[in-house]
Amino acid sequence: MQIGSKIFEILKQRGITQKEFSMKTGIAESTISDWKRKGFNPSAAKLPVICNVLGVSLDELLDDGADSSNLKESIDYSFSLSNDEKNLIELFRSADDGQKRRIYSYALELMKINSETVQIEQESKPQEKQDDELANKKTLCKRLRRLSRLDRIKLDESEHASGLNRHLFKYFDFIGVDKLDYIKKYLEHIQPFMIKEIKTQEKFDNAICVLDEYYRISVYIKLDATKGEEVIVSFHENNKNGVAKREPLKRTNQEVYVFPESISSHVVGTDKYTINLFITRGATSLPMTVSARKCDDEGFWVRMSDISRNMIETANSYLQDLYTAGLDYSEIEPFYSLQQISFTSYGTDVFSGISLLIDSLLMQMSPFSKQVADSALCIFCSTIELPEITKKELLDTLRERYKVNSVKILPEILRRVELNLL
């Protein structure tokens, strides 16, 4: 049995999900998936932390009865290791069983101490700095909200040097949404937790550039907010050298600051409230009601997990509605992170439906769930009834939309979409 298979067997026994395992070890989920799908083994450098998370010794992880000696020999401990690391491994190998257990226990304790030190350093971040960061984001967010309400706001539709900024505009055109009205609504509901200011893109005093990171592919919003002049805004996906950047999975258990649209209820004598928010994604402004606690006269603290859950549930609800012809929705893995869902995948229009089904197909892990998700995409496309000229426009928009995506299988997926549309 390969080490990767042994790890998945222990995960099943312990009731640990792949996502939890990734978070605890710091190993990317895609890497963990490769252990199962491609039969890869984890690198030797990762084994101590894997053993620590699984609660097993290195010998237990490598031991598999009669084949254990072959399995141990199959691991290349010398790959990309320094001389010190090689010497340490040789010393460990030459020790007796009792010495090995003590060395291993000591190494785990050192790792634990180091982990706790890092956590303490992170937690001891000066409160003043955190307060300054929040104050800056609040100020920037309020400025963007105010600018969205001005009559003199204007959309910059000129093509960027990369030539890859127009696909979001094509999306809005195809679904029949006024681009400027959409972006004004988007800015009107923007929240401090969404944005990161990109000062390197602010080339003059009244330039504003923010990156909205909270979904699969981040989006740049750039404004020329010179006082007394027209507010010029551009809106495009974050890409470098023609490839859209995926944002990594983010922790969702922290509290974030929000401006409420309205207050739903308040527990008298406490700071506990229920507030209403709007988050604009794709063709939809998602309304949500979340628990909150009062922070100041302007805003509240809410759990990011509550916001994420609302948005993920909306996407999963859309996805379930797209399953037809007896396909078993329970056989596919639903979305569990905002970073699995594209900006264009929220909405009940045809384009958003295809985008959502493509996102679902890309994140399936098992061959069977991939087949089910692929079938759902093909069936949905084959049932779309549009004039031929509109189907051609849909395909052109999809190709433009995914031109900047780096997923290698996407051209084949789009080809299947085309075959089933026509």
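Of (1) without any contact (Cβ under 8 Å) to a residue 24 or more places away in the chain; (2) crowded, with 17+ Cβ neighbours inside 10 Å; (3) not hydrophobic (A, V, I, L, M, F, W, C), Ser317 satisfies all except one. Which?
Ser317 satisfies all of (1) without any contact (Cβ under 8 Å) to a residue 24 or more places away in the chain; (2) crowded, with 17+ Cβ neighbours inside 10 Å; (3) not hydrophobic (A, V, I, L, M, F, W, C) except (2).
Is it fair to say Val256 is modelled with pLDDT of 80 or more, open to solvent by less than 60 Å² (accessible area, probe 1.4 Å) and in contact with a Leu (Cβ under 7 Å, 6 or more places away or on another chain)?
No: the conditions fail for Val256.
Only one residue in Leu386, Leu377 is part of a loop (DSSP other than H, G, I, E, B) and either more than 19 Å from the chain's Cα centre (by Cα) or buried (at least 17 other Cβ atoms within 10 Å of the Cβ) (or both), so which one is that?
Leu386
Report, by residue number, each residue of region 1-24 that is assigned to a helix (DSSP H, G or I) and β-branched (Val, Ile, Thr).
Within region 1-24, the first condition is being assigned to a helix (DSSP H, G or I), and the residues that meet it are 3-14, 18-24.
Passing the criteria: Ile3, Ile7, Ile10.
Just one of the numbered conditions (1) in a loop (DSSP other than H, G, I, E, B); (2) at pLDDT 80 or above; (3) closer than 22 Å to Ile198 by Cβ; (4) aliphatic (A, V, I, L, M) is not true of Leu249; which one?
The single condition Leu249 does not satisfy is (2).
Among what's in region 389-406 and is closer than 14 Å to Tyr171 by Cα and of a type in the set (S, T, N, Q), pick the residue that is least open to solvent (accessible area, probe 1.4 Å).
Top of the filtered list is Thr397.
Quickly run through region 355-387 and pick out the residues that are charged (D, E, K, R) and free of Cβ contacts under 8 Å to residues at least 24 places away in the same chain. Give the steps one after another, and end with the answer.
Narrowing region 355-387 to residues charged (D, E, K, R): 359, 370, 374, 385.
If the condition is that a residue be charged (D, E, K, R) and free of Cβ contacts under 8 Å to residues at least 24 places away in the same chain, then Lys370, Glu385 are the ones that fit.
With Lys227, Lys129 as the choices, which residue is modelled with pLDDT under 85, surrounded by fewer than 19 Cβ atoms within 10 Å (Cβ to Cβ) and part of a loop (DSSP other than H, G, I, E, B)? Please lay out each step first, then the result.
On the way: Lys129 fails: part of a loop (DSSP other than H, G, I, E, B).
When all the criteria are applied, what remains is Lys227.
Return the residues of region 356-369 that are part of a loop (DSSP other than H, G, I, E, B) and crowded, with 17+ Cβ neighbours inside 10 Å; say none if nothing qualifies. Break it down into steps so the answer makes sense when it comes.
Going residue by residue through region 356-369, those that are part of a loop (DSSP other than H, G, I, E, B) are 363-366.
Result: Met363, Gln364.
Go through Arg309, Arg293 for me and flag whichever is in a helix (DSSP H, G or I), open to solvent by 40 Å² or more (accessible area, probe 1.4 Å) and either more than 20 Å from Gly353 (Cβ to Cβ) or at pLDDT 85 or above (or both). I'd like the intermediate steps shown before the answer.
Values: Arg293 fails: in a helix (DSSP H, G or I).
It is Arg309.
So for region 321-342 (the condition being at pLDDT 90 or above, closer than 22 Å to Ile384 by Cα and of a type in the set (Gly, Ala, Ser)), does at least one residue qualify?
Within region 321-342 (the criterion being at pLDDT 90 or above, closer than 22 Å to Ile384 by Cα and of a type in the set (Gly, Ala, Ser)), the answer is no, since none of the residues qualifies.
Looking only at region 180-198, which residues are out of contact with any Leu (no Cβ under 9 Å at 6 or more places or on another chain), open to solvent by 70 Å² or more (accessible area, probe 1.4 Å) and in contact (Cβ under 8 Å) with a residue 40 or more places away in the chain?
Lys185
More than 27 Å from Gly176 (Cα to Cα) and among the hydroxyl-bearing types (Ser, Thr, Tyr): does that describe Ser352? Full working, then the answer.
Values: more than 27 Å from Gly176 (Cα to Cα): no; among the hydroxyl-bearing types (Ser, Thr, Tyr): yes.
No.
Condition first: among the β-branched types (Val, Ile, Thr) and open to solvent by 30 Å² or more (accessible area, probe 1.4 Å). Now tell me which residues in region 320-337 satisfy that. Before you say what the answer is, go through the steps one by one.
We begin by selecting, within region 320-337, every residue among the β-branched types (Val, Ile, Thr); these are 324, 332.
Selection gives Thr324 alone.
This table checks each residue for (1) within 27 Å of Lys38 (Cα to Cα); (2) buried (at least 17 other Cβ atoms within 10 Å of the Cβ).
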position	(1), (2)
Ile354	no, yes
Gln371	yes, no
Ser382	no, no
Lys408	yes, no
Ile413	yes, yes
Glu418	no, no
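For Val267, which of the numbered conditions (1) crowded, with 19+ Cβ neighbours inside 10 Å; (2) of a type outside the set (D, E, K, R); (3) at pLDDT 90 or above fails to hold?
(1)
Of everything in region 341-352, what is assigned to a helix (DSSP H, G or I) and open to solvent by less than 20 Å² (accessible area, probe 1.4 Å)? Give them in sequence order. Don't jump to the end; show me each part of the working.
So in region 341-352, the residues assigned to a helix (DSSP H, G or I) come out as 343-345, 350-352.
The answer is Phe343, Thr344, Ser345, Phe351, Ser352.
Could you list, in sequence order, all residues of region 221-237 that are farther than 15 Å from Glu202 by Cα and in contact (Cβ under 8 Å) with a residue 24 or more places away in the chain? Spell out how you get there, then give the answer.
Looking only at region 221-237, we keep the residues that are farther than 15 Å from Glu202 by Cα, and these are 227-230, 236-237.
Correct list: Glu229, Glu230, His236, Glu237.
Can you tell me which residue within region 199-223, out of those that are at pLDDT 85 or above and under 25 Å from Gln254 (Cβ atoms), is most open to solvent (accessible area, probe 1.4 Å)?
Top of the filtered list is Lys199.
The values are calculated or read from the model by the stated rules, or taken from the named source; none is laboratory data. Model, not experiment: these values are computed from the prediction. Note that each Cβ is placed from the backbone with ideal geometry, even for glycine, and that neighbours are counted across all protein chains shown. Quick note on the areas: whole protein, heavy atoms, side chains included, nothing else; ligands and nucleic acids left out. Shrake-Rupley method; radii C 1.70, N 1.55, O 1.52, S 1.80 Å.
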